[in-house]
């Protein structure tokens, strides 16, 4: 890349702008626009994410302080906070949803060979949701409790590379299990979920689609043992059984055998009961798969700490979804940059560096590859020694 470009401009070169133009045309995003195009709007929102801007005034002031660099960063004119606010309120949030989906497809191809931590060639997804609390007086469209509002991020995370394969944003009232109706299950893939997603009708639909699930059983669970397989109790496994549901309704919702595995966590001493429809993998692998579900919890914790999705630039549903989808697109974009440039630095390190250096003009691969700390102080024979120890 040209070292004369700012780091921000070099990052934006990884956006598939030709495909983005088609997305904008599909949603008529630039219809009647004179000053701030959709491309400039995304640049402004991505800049806010990368530099941790907290308000519209903050974005405007930061860009105005570097007015001489704006054109090279892709802005045709100075940014006004009122213009950006109007764009976030009025332009269809699906533009940014489609852009994020486009980047996600690209990122998943790049991270397809990432190690999983489990000897398994299948794709493994972790499904979970995270709630972002809002003020009910300002966000009346997102009711959650009687005194507060909230939005939920329902996320299907590809555990190879921690790339979100599916995200659904809605108010806080939608129950997690309903998200299973929105997914197109991938045959042969594993879906790892907590027990909040246990619904035997939906799990049986997943089973019939040729996919596998790993979840925890609700307590109590009315089921009878059909067969028990031997287990190595020194590994923490207690039993590996085939069971049939006993309940009148549940037995009709899931009329086939389920596999029930009891496992005692050696660290916490807690006994966990797993349910799965996979009968081929060792019981220890099923336990390890469920343990890997923790990555989606870390993903939520990470994006809440390092992306701007807890302080919103607008109060309408469109503005909130626009900001969240732009945050997701920015996260995936940095993941693409890291993989394309074959950087050893973590995503956290890359974002930390960019947060203070987006206006610097240096080679992107050099800037995002932090120098190794020097452990030896170079000797200088001409330097006088003041103290002897």
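All of the numbers you see were taken from the coordinates with simple rules; none came from a lab. Quantities reported herein were computed from a predicted structural model and do not represent experimental measurements.
Relative to the longest principal axis of the Cα atoms of the chain, helix 283-292 runs at roughly 30 degrees. Among DSSP beta bridges lying fully in the chain, give the percent that are antiparallel, nearest 5. Counting only bridges with both partners in the chain, antiparallel ones make up about 85 percent. Taking Cα atoms only, the orientation of helix 294-306 departs from the longest principal axis of the chain by about 20 degrees. With axes computed from alpha carbons, what is the tilt in degrees of helix 94-110 against the longest principal axis of the chain, rounded to the nearest 10 within 0 to 90? Helix 94-110 and the main axis of the chain meet at about 70 degrees. Sum -39500 (n - 2.57) across every DSSP H segment of at least 4 residues in the chain, then divide by the residue count to get the 222 nm mean residue ellipticity, nearest 500. Mean residue ellipticity, 222 nm, calculated: -11000 deg cm²/dmol. Let a ≥ b ≥ c be the square roots of the eigenvalues of the Cα gyration tensor of the stretch 160-250; is it rounded (a/c under 1.5), or, if not, prolate (a/b larger than b/c) or oblate? Since a/c reaches 1.5 and a/b is larger than b/c, the shape of the stretch 160-250 is classed as prolate. Using bins of 5 Å that start at zero, the share of Cα-Cα pairs per bin across the stretch 1-159 amounts to 1, 7, 13, 15, 17, 17, 13, 9, 5, 2, 0, in whole %. Overall form of the stretch 195-292: prolate. Here a/c, set by the Cα gyration tensor axes a ≥ b ≥ c, is 1.5 or more, and a/b is the larger of a/b and b/c.
In summary, the chain shows an alpha-carbon radius of gyration equal to 1.18 times the 2.2 N^0.38 Å reference for compact globular proteins.
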